[in-house]
Amino acid sequence: MSDNKPTYLLGLACFYHDSSACLLKDGVVIAAAQEERFTRIKHDENFPEYSVNYCLEAADITLDQLSGVCFYEKPLWKFERLLLTYIQEWPRGFFSFLKAMRAWLNKKLWMEHIICKELGKVSGIKNKKGKSVPYSGKIYYVPHHLSHAASTYYPSNFKNATVLTVDGVGERSTSTIALGEEQKLTLKEEIVFPDSLGLLYSAFTYYLGFKVNSGEYKVMGLAPYGTARYTKEIEALIEIFADGSFRLKPEFFAYRYGLKMTSSKFAKHFGRPVRNTDDELTQWHKDMAASLQQVAEELMLNLVRYAHKQYGGKNLCLSGGVALNCVANGRIVREGPFKNVYIFPAAGDAGGSVGATLYVNSIIDPKPKAKSIETIYLGPKFSNQMIESFLQDSGIKYDKIDTAADRAVKVGQLLADNNVIGLFQGRMEFGPRALGNRSIIADPRKPENWKRVNIKIKFREDFRPFAPSVMADKAQDIFDLRGVDSPYMLLTAGTKVKDLPAITHVNSSARIQTVSAEDNKPYYDILSAFNDLTNCPVVINTSLNVRGEPIVWDHIDAFKCFIRTDMDILVLENFIINAEEVDKNFFKTKFELEVFADD
């Protein structure tokens, strides 16, 4: 730092699920991306080779210019927890033990060697024998929950805050309370494995027939269709204490020793077997989802209230996978004791790469920073020239719009004419939500659009709700947000008006994204143009992808998504493609794409 060269830190999160990489320059995150977007493997857990490449290219640097690499957990701590757990459960779980040990001995136990080797492949530097030269710089290992806490505390711009992290499990922590004071972040209390709110939710996700680590949000979306009839039965699995902590009764859960989440006693307790994925979702399943959601919300509120009672203050930061539960977040904002609540948009494990770099930076450069994250649009961007070359080379018909202002007016009119639009613009969002740059948008006033987008475009379950994007300066008129903004689609609130059927869930709520001109002017201008025509400042916003695939990352993926679905319009930066002028079947064949059934 004395030679005035920039300080670069590369962050990594991988080898469990949702791998990612980020790059910090002089304390500010300048690039971040999830590996799944590039590989097209949903929740890709592998080393984030493409994400690392993107981050380095975004800054135009090479590996030897890094001040260090920051990993989002302590691998040996996790190995110790796994080993001790299997010893405690022995001989139960022998096959699970063999599977876990094989993975650890092959990859995770020798983490430093793997990281250095994989980074060497990225660099492309070869030795005399033609082999990649491994990375030889510093590697920092940050505890998992400290990475989570740092990912939300430092971007919050609070000078001090209580930080609550709740997830499945890190090395051994499942819930932690940390205190942030200026640049210092200190873990104070923890709940440890196997007692975990995240794993409780995942156990019911498994029991209800959804995939663990990806289907939890489906359970949350299913919950409003049910009635919380079984809260007492669920609470019978848990001991809840006055300080907000809890204990899961081990006889009901199998994740400590087995390849399943729940034991036979769990199913016997509720009187039904585990639902197969393709089985019908009955009212009983919906009531069970509603009951789980209510119990989870109460457990989260217990933790929040205890944290405030113990440490005081007016600022709360949330992170960990459970912080993606936007219904619980809404209740924390409305009913919790903290005046201000900040939630990092990539609250799950993908955000660990960001948190690890921010924490390491706070140690090596403890001077206060103005803003550690200036935007959440941290992914790749594609130029009009690159997009036009692709369209011309592929023989795709398009209209070109010359200015951003004209484009906003045109897209606003297309929305008002009830077109469903794929919107691809600017830099890709970081985190699980599409926030206007890789989105599908439509008129929320038309009730048929909810089913059309769900069934004909997303090819997903018909109970799944859609989120609205709303002009931030008009949001309080439409939604019961209690004066707060929700820029990252992480809060659920009631809908005040009755003429938005396509974004209002069955319980009259919505998961809201407030859009300001400061955060995303191109998207705000589209909303504003639509509002000028319709007096409606809201649009449907769902991610630009189909079920089972990650959100698109480049214009080619966006076009492939467009031709496989029933979208009317695709906007690629300044280019507008109309489905009526494109032979979708021809291009499906040309790009060798799977053809989805319409029913």
Here are the criteria: (1) part of a loop (DSSP other than H, G, I, E, B); (2) touching a residue at least 12 places away in the same chain (Cβ under 8 Å). Tell me which single one Ala242 does not satisfy. (2)
Against the definition (out of contact with any helix residue (DSSP H, G or I) (no Cβ under 7 Å at 6 or more places or on another chain) and either touching a residue at least 40 places away in the same chain (Cβ under 8 Å) or surrounded by 22 or more Cβ atoms within 10 Å (Cβ to Cβ) (or both)), how does Lys138 come out, yes or no? yes
Select from the stretch 564-598 the residues that are within 26 Å of the chain's Cα centre (by Cα) and either β-branched (Val, Ile, Thr) or crowded, with 20+ Cβ neighbours inside 10 Å (or both) and list them in ascending order. Arg564, Thr565, Met567, Leu570, Val571, Leu572, Glu573
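Every residue, every condition in (1) more than 21 Å from Gln283 (Cα to Cα); (2) charged (D, E, K, R); (3) at pLDDT 95 or above; (4) in contact with a strand residue (DSSP E or B) (Cβ under 7 Å, 6 or more places away or on another chain), yes or no:
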{"site": "Tyr217", "(1), (2), (3), (4)": "no, no, no, no"}
{"site": "Tyr230", "(1), (2), (3), (4)": "no, no, yes, no"}
{"site": "Glu233", "(1), (2), (3), (4)": "no, yes, yes, no"}
{"site": "Ile238", "(1), (2), (3), (4)": "yes, no, yes, yes"}
{"site": "Phe246", "(1), (2), (3), (4)": "yes, no, yes, yes"}
{"site": "Glu251", "(1), (2), (3), (4)": "yes, yes, yes, no"}
{"site": "Tyr255", "(1), (2), (3), (4)": "yes, no, no, no"}
Kindly indicate which of Arg433, Arg460, Arg407, Arg438 is surrounded by 21 or more Cβ atoms within 10 Å (Cβ to Cβ), of a type in the set (D, E, K, R) and under 20 Å from Lys560 (Cβ atoms). Arg438
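Across the stretch 153-210, what is the total count of residues that are small (Gly, Ala, Ser) and more than 29 Å from Lys371 (Cα to Cα)?
So the answer is 6.
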Looking at (1) among the small types (Gly, Ala, Ser); (2) under 25 Å from Phe344 (Cα atoms); (3) surrounded by fewer than 17 Cβ atoms within 10 Å (Cβ to Cβ), which is the only condition Ala467 fails? (3)
Number of the condition not met by Tyr523 [criteria: (1) crowded, with 18+ Cβ neighbours inside 10 Å; (2) assigned to a strand (DSSP E or B)]: (2)
Of everything in the stretch 167-193, what is among the small types (Gly, Ala, Ser), in contact (Cβ under 8 Å) with a residue 60 or more places away in the chain and within 19 Å of Phe246 (Cα to Cα)? Give them in sequence order. Gly168, Gly170, Ser175
Selection count where residues are acidic (Asp, Glu) and closer than 15 Å to Asp443 by Cβ, scope the stretch 508-537: 1
Matching residues in the stretch 37-54 (touching a Ser or Thr at 6+ places or on another chain (Cβ under 8 Å), farther than 16 Å from Lys381 by Cα and not aromatic (Phe, Trp, Tyr)) number 6
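So that you can scan it fast, the table gives a plain yes or no per residue for (1) hydrophobic (A, V, I, L, M, F, W, C); (2) over 15 Å from Gly431 (Cα atoms); (3) surrounded by 23 or more Cβ atoms within 10 Å (Cβ to Cβ):
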| position | (1), (2), (3) |
| --- | --- |
| Ala346 | yes, no, yes |
| Gly351 | no, no, yes |
| Gly355 | no, no, yes |
| Ser362 | no, yes, no |
| Lys381 | no, yes, no |
| Met386 | yes, yes, no |
Within the stretch 245-275, take every residue that is of a type in the set (D, E, K, R) and in contact (Cβ under 8 Å) with a residue 12 or more places away in the chain and give me the one that is nearest to Ser175 (Cα to Cα). Arg247
Which listed residue, of Gly321, Gly336, is of a type in the set (Gly, Ala, Ser) and over 29 Å from Lys74 (Cα atoms): Gly336
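Condition first: modelled with pLDDT of 95 or more and not aliphatic (A, V, I, L, M). Now tell me which residues in the stretch 143-157 satisfy that.
Pro143, His144, His145, Ser147, His148, Ser151, Thr152, Tyr153, Tyr154, Pro155, Ser156
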Being among the charged types (D, E, K, R), without any contact (Cβ under 8 Å) to a residue 12 or more places away in the chain and not in a loop (DSSP other than H, G, I, E, B), is that true of even one residue in the stretch 418-438? no
For the stretch 527-576, which residues satisfy the criterion of being touching a Gly at 6+ places or on another chain (Cβ under 9 Å), of a type in the set (A, V, I, L, M) and assigned to a helix (DSSP H, G or I)? Leu527, Ala529, Leu533, Ala558
Look through the stretch 315-338, keep the residues that are in a loop (DSSP other than H, G, I, E, B) and without any contact (Cβ under 8 Å) to a residue 40 or more places away in the chain, and return whichever of them is surrounded by the fewest Cβ atoms within 10 Å (Cβ to Cβ). Pro337
Quick check: is even one residue across the stretch 182-202 more than 20 Å from Leu259 (Cβ to Cβ), at pLDDT below 95 and in a loop (DSSP other than H, G, I, E, B)? yes
What is the one condition in (1) of a type outside the set (Val, Ile, Thr); (2) without any contact (Cβ under 8 Å) to a residue 12 or more places away in the chain; (3) under 28 Å from Gly379 (Cβ atoms) that Asp443 does not satisfy? (2)
Evaluation of Cys22 against (1) of a type outside the set (Ser, Thr, Tyr); (2) under 18 Å from Ile139 (Cα atoms); (3) assigned to a helix (DSSP H, G or I) (one fails), failing number: (3)
Kindly indicate which of Leu76, Leu56, Leu9, Leu63 is closer than 24 Å to His113 by Cβ, of a type outside the set (Gly, Ala, Ser) and surrounded by fewer than 16 Cβ atoms within 10 Å (Cβ to Cβ). Leu76
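The values are calculated or read from the model by the stated rules, or taken from the named source; none is laboratory data. On a predicted model such as this, the values are computed, not experimentally measured, just so you know. Cβ sites come from the backbone with ideal geometry, for glycine too, and all protein chains shown count toward neighbours.
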